[in-house]
1. Name the single residue that is surrounded by the most Cβ atoms within 10 Å (Cβ to Cβ) among those in region 61-105 being of a type in the set (Lys, Arg) and under 20 Å from residue 16 (Cα atoms).
2. If you go through region 162-190, how many residues are open to solvent by less than 20 Å² (accessible area, probe 1.4 Å), in a loop (DSSP other than H, G, I, E, B) and of a type in the set (S, T, N, Q)?
3. Which residue, of 81, 43, 131, is within 19 Å of residue 180 (Cβ to Cβ), touching a residue at least 12 places away in the same chain (Cβ under 8 Å) and charged (D, E, K, R)?
4. Every residue in region 232-263 that is among the charged types (D, E, K, R) and under 14 Å from residue 185 (Cβ atoms), please.
5. Quick one: is residue 37 modelled with pLDDT of 95 or more, over 21 Å from residue 11 (Cβ atoms) and not hydrophobic (A, V, I, L, M, F, W, C)?
6. Read through the list (1) in a loop (DSSP other than H, G, I, E, B); (2) surrounded by 11 or more Cβ atoms within 10 Å (Cβ to Cβ), then give the number of the only condition that residue 25 fails.
7. Among 244, 209, which is the only one that is at pLDDT 80 or above, open to solvent by less than 40 Å² (accessible area, probe 1.4 Å) and under 20 Å from residue 175 (Cα atoms)?
8. When you check residue 15 against the structure, is it open to solvent by 90 Å² or more (accessible area, probe 1.4 Å), closer than 23 Å to residue 215 by Cα and part of a loop (DSSP other than H, G, I, E, B), yes or no?
Amino acid sequence: QTGINVETSQPTYQTANVVAKLDTSSKKIVVIGAHYDNAGTGEGAADNATGIVTMYLLAKRLAEVKSKLPFDVYFVAFGGEEQGLCGSKHFVKDLKQNGDLGNVLVMFNLDGIAGGDDLYVQCENKSTDLENLLVASSKNLSTKLNVKPYAAGISAMVDAYGYGYYETTQNSDHTPFRLEGVPTALFFSGSFSYLDGYSESADATKRVSNTSQDTFKNLEANRGAEFVKKMQTVNDILFNAVTSADFGDVALQARSQLVNVSAAYGYVPSVVTVVLALIAVITVL
């Protein structure tokens with residue numbers, strides 16, 4: 001706590017990003033990030049100690065093959081994610097001011113990678129080479145990597161983050177990067193259904209994020225082996241992907257495969273969609 005907001009009388013806080021750089025003297029950059037703050041009353045074991053620990057172990061592993069990497073790697077523990085992506089917004093702003101943002105090939109985000117019913121990756125709202133490479137990098141592993149089901153997107157008129165469409169999974173630290181045109185991949189463990197769109201688990205008794213149940217003791221007693229397995233899987237997938245012979249070409253082409261949100265989800269398509277929906281409802285009634 002650093003002070004009091006004079007307008008709201010609420011306490012104000014200060015946070016910080018923790019950044020480690022694997023320097024290969026390359027101009028190209030890969031960012032691997034996870035947030036370390038916790039919004040609940042628990043210890044933040046699932047959300048997001050799982051991401052932080054996995055990133056740390058991956059950093060140690062990639063450091064051993066540093067001489068073979070044709071790009072620098074930034075490992076970033078973001079602060080203030082739960083308060084509005086504060087740390088990632090600040091980091092992207094710094095990259096932009098330093099002239100480095102255009103050199104970022106891909107941003108990988110690890111957020112709640114263990115805790116849900118499965119293990120997912122989301123890149124774009126369509127199939128991309130980056131997504132395919134990540135899935136291929138998991139093919140010989142014991143835990144399957146699932147692709148987030150593609151959604152049609154919601155009207156741009158209710159777009160919360162400026163993507164052109166809105167999905168709950170945008171609410172994490174990859175979002176500021178994607179809004180600046182950087183290809184991203186989010187790893188997480190949520191479950192999907194037509195009604196709820198996203199939930200940490202289809203089983204309400206297993207939903208621990210941002211609750212008092214998000215403790216190391218609780219997870220160790222009930223799902224410890226599963227957590228370790230998913231964390232190791234994400235570690236292996238990212239190591240296999242970024243050290244593969246195909247990663248360089250895939251990463252260089254990733255920007256050209258980003259969704260054209262203005263064409264697919266802009267205001268004109270959104271208005272047309274809303275009008276057609278209203279006509280359909282009126283017709284049914």
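The values are calculated or read from the model by the stated rules, or taken from the named source; none is laboratory data. Values in this document were obtained by computation on a predicted structure and should not be read as measured data. Ideal geometry is used to build each Cβ from the backbone, glycine not excepted, and the neighbour counts take in all protein chains shown. With ligands, DNA and RNA removed, areas are computed over all heavy atoms of the protein, side chains included. Shrake-Rupley method; radii C 1.70, N 1.55, O 1.52, S 1.80 Å.
1. Our first condition is that a residue be of a type in the set (Lys, Arg); within region 61-105, this holds for 61, 66, 68, 89, 93, 96.
Pick out the ones that are also under 20 Å from residue 16 (Cα atoms) and you get 89, 93, 96.
Working: 89: 18, 93: 13, 96: 13.
The selected residue is 89.
2. Qualifying residue count for the region: 2.
3. Working: 43 fails: within 19 Å of residue 180 (Cβ to Cβ); 131 fails: within 19 Å of residue 180 (Cβ to Cβ).
So the residue among 81, 43, 131 that is within 19 Å of residue 180 (Cβ to Cβ), touching a residue at least 12 places away in the same chain (Cβ under 8 Å) and charged (D, E, K, R) is 81.
4. Quick first cut of region 232-263, residues among the charged types (D, E, K, R) only: 236, 246, 249, 255.
Once the filter is applied, which keeps residues that are among the charged types (D, E, K, R) and under 14 Å from residue 185 (Cβ atoms), region 232-263 yields only 255.
5. Details: modelled with pLDDT of 95 or more: yes; over 21 Å from residue 11 (Cβ atoms): no; not hydrophobic (A, V, I, L, M, F, W, C): yes.
Spelling it out, it is not the case that residue 37 is modelled with pLDDT of 95 or more, over 21 Å from residue 11 (Cβ atoms) and not hydrophobic (A, V, I, L, M, F, W, C).
6. If we test residue 25 against (1) in a loop (DSSP other than H, G, I, E, B); (2) surrounded by 11 or more Cβ atoms within 10 Å (Cβ to Cβ), just (2) comes out false.
7. After ruling out the rest, the residue left standing is 209.
8. Numbers: open to solvent by 90 Å² or more (accessible area, probe 1.4 Å): no; closer than 23 Å to residue 215 by Cα: yes; part of a loop (DSSP other than H, G, I, E, B): yes.
No; evaluated as a whole, the condition is false for this residue.
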